[in-house]
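These notes concern the structure reproduced below.
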Amino acid sequence: MELIPESTWDNEPAPHSDVVMSCRVRLARNIAGFPFVNRASETQCNEVMRTAREVLLAMGNNDDNGDCQMMWVDLNNSTTRDRRLLVERHLISRNLDESKTRRAVAISEDETLSVMVNEEDHLRMQVLAPGLELGGALERINTVDDAVESRVDYAFSPRWGYLTACPTNVGTGVRFSVMLHLPALKITNEIERVRRAARDLHLAVRGYYGEGTESAGDFYQISNQVTLGRTEVDLLDEFEQNIIPQIIAYEQEARSILAKRSEPLLDDRTHRALAILRNARLLGLEEAMKLLSRVRLGVLMQRLDDVPLKAVNQLFLQVQPAHLQLHAGDDLNADQLREARADLVRKTMA
Amino acid sequence: MKCDLCNKPAVVHEVTVKNGQKNEVHLCEDHAAESGIAMPGHQPINQLLTQFVVSPADATQGGTGKKGTQRSSRKVCDGCGMTFAQFRQSGILGCAECYEAFAEQLSILIQRTQGGATHHVGKSPRRAGKSLDRQLERQRLIKQLDAAVDAEQYERAAKLRDMLNMMEVNDGDGSGDSSDESRRS
Ligand SMILES: [Zn+2]
Ligand SMILES: [Zn+2]
């Protein structure tokens, strides 16, 4: 499996990238005539795989879909490290990594489009983009959806829309989510208020790796819960034009309050974090994420002039276990991982 | 009842029995969120199911639940053989036909988890792409119309309104392909 060595994303400034690390649109689809994945026999799962492979690999040959050459990864014949790499890049879910079913993922060359096959639904397609640019992502996923739909029949009902294994996804099957970096709200102890407000607005708040994970490094993944009774564009508009800008503004306000009223605190937190990252010889993942988060805040607020933002952004990915192992070209045990992580961070931050 | 930790009203009440010792916790919204206790209304879907779809009597094993609910939990999907009771356990349906087989119970559940929505609107297969493009186009026209009215550009507004009306008409006659189900609201 060949992945791009480094994330190509953070080359250009994306909209609202001071707060929004990335955004994602996901569509849940099932192929008509097959039971959903949890009730499908091995033969049926294989048949879904075969169909999906044929359709997805053919997209690259179709002029309508342009530069959409897909790489097919059969996850039953892949190494654990490869699957972890894909999880760390948010190209597959943890569920798909750990699943015992016949399963696969198709990934576009630029790694911004991926289609999980036999996750909870037959097809889970997603487009990832840096910053807050969900409109473009929706257009792209829509093209992919059309291409697939031109060759297979989806499970669909006029009343419920696209039928999904879990009824919480039924209707449009669309999920918009953003990965927010909210360090100032964390420092000012207001993050719980945001969590509650988000829940009241029928949004899901999750950690860095989705469902059931902790908010490592002050990252929060927020997504819409309602998928029925509204058009895709309506859901998008409310989420991207209304809800998320409010949270962004809240974090920005917290940042400026910190700078105005608690300058020593802000400088202490950011410089202290950088000092540790520049000197530590052993670094756990959680600690690394937390310190990198503070350094990122310091860089964005022009407190730490000699650290490039791009390097910090990439470190969030590079300090993950599978990426460290890839870098080392070997499997590392827990102690070796902490050492390798500290080495990498120290060199990058020097 | 007041929160154990402050004077606000308690909204979460948790009773645990450990080693024969009963322990009660009552917390306000803030302190509940802080201590990680799930708020009412934000449970996973299978918990919603047990609470709202099944009557309390039916939920306890061997209870004398209402006949209707008992029948519904024994209902089987012809498509995949899943029973409603099995769905209640996992929160995951077995096949597309489950939506028909359990339509009655699902409609309550879906309405509840989908902010009151009962029907799909938006993209449908066969009119793929077109329908989304039209939504985007309509949204754009509506925004321009609002702006024109705000700026008191009434001629422009009238023109935009005509364009919008044209779209409605074209949608109404099904514009060529699959005529029926694609417009519901
Ligand atoms: Zn309290
Ligand atoms: Zn079924």
Problem - Kirkwood hydrodynamic radius over Cα pairs of the stretch A:87-166, then Stokes diffusion coefficient at 37 °C and 0.692 mPa s, in µm²/s - result: 237
Exercise for the section: Kindly state, to the nearest 0.05, the FRET efficiency for A:Glu42 paired with A:Leu309, given R0 = 56 Å and r defined as their beta-carbon distance. Expected result: 0.70
Handout entry: Equivalent ellipsoid semi-axes - Cα gyration tensor, the stretch A:263-349, angstrom
Key = 24, 12, 9
Practice task
Using a/c under 1.5 as the rounded threshold, could you call the stretch A:23-171 rounded, prolate or oblate? The axes a ≥ b ≥ c are square roots of the C-alpha gyration tensor eigenvalues, and prolate needs a/b larger than b/c, oblate otherwise.
Solution key: rounded
Completion exercise
Here the FRET efficiency for A:Asn77 versus B:Val149, based on Cβ atoms and R0 = 56 Å and rounded to 0.05, is 0.40
Exercise for the section: For every helix of n ≥ 4 consecutive DSSP H residues, a contribution of -39,500 (n - 2.57) applies; sum these over chain A, divide by its total residues, and give [θ] at 222 nm rounded to the nearest 500 deg cm²/dmol. Expected result: -13500 deg cm²/dmol
Problem - Sites A:Asn279 and A:Glu253 - FRET efficiency at Förster radius 30 Å, r taken between beta-carbons, to 0.05 - result: 0.35
Completion exercise
Flagged as over-length at 22 Å C-alpha distance, from A:Lys260/A:Lys310; A:Lys186/A:Lys290; A:Lys290/A:Lys347; B:Lys75/B:Lys123; A:Lys100/B:Lys123, the pairs are A:Lys260/A:Lys310; B:Lys75/B:Lys123; A:Lys100/B:Lys123
Fill in the blank from the handout: Residues of the stretch A:109-123 with backbone N under 20 Å of the label point set 7 Å from the Cα of A:Gln69 along Cα→Cβ are A:109-115
Practice task
Summarise the partner chain shielding of A:170-176 as one whole number: the mean count of Cβ atoms from other chains within 10 Å of each residue's Cβ.
Solution key: 4
Completion exercise
If exposed means GluC sites (Glu not before Pro) lying in a DSSP loop and surrounded by at most 14 other beta carbons within 10 Å, then the longest stretch of chain A lacking such sites spans residues A:215-350
Exercise for the section: Provide the net charge surrounding A:Leu27, with neighbours chosen by a C-beta distance below 10 Å and charges set as Lys +1, Arg +1, Asp -1, Glu -1. Expected result: +2
Exercise for the section: Could you please state, rounded to a whole Å, how far the C-alpha centre of the stretch A:92-161 is from the C-alpha centre of the stretch A:269-314? Expected result: 34
Practice task
Report the dimensions of chain A along its three principal axes from the alpha-carbon atoms, largest first, rounded to Å.
Solution key: 63, 46, 36
Problem - Potential extension, A:Asp153-A:Ala350 segment - 0.36 nm per residue separation minus Cα distance - result: 65.4 nm
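All of the numbers you see were taken from the coordinates with simple rules; none came from a lab. All values derive from a computational prediction rather than experimental measurement. Using ideal geometry, Cβ is built from the backbone for each residue, glycine included, and neighbour counts are taken over all protein chains shown.
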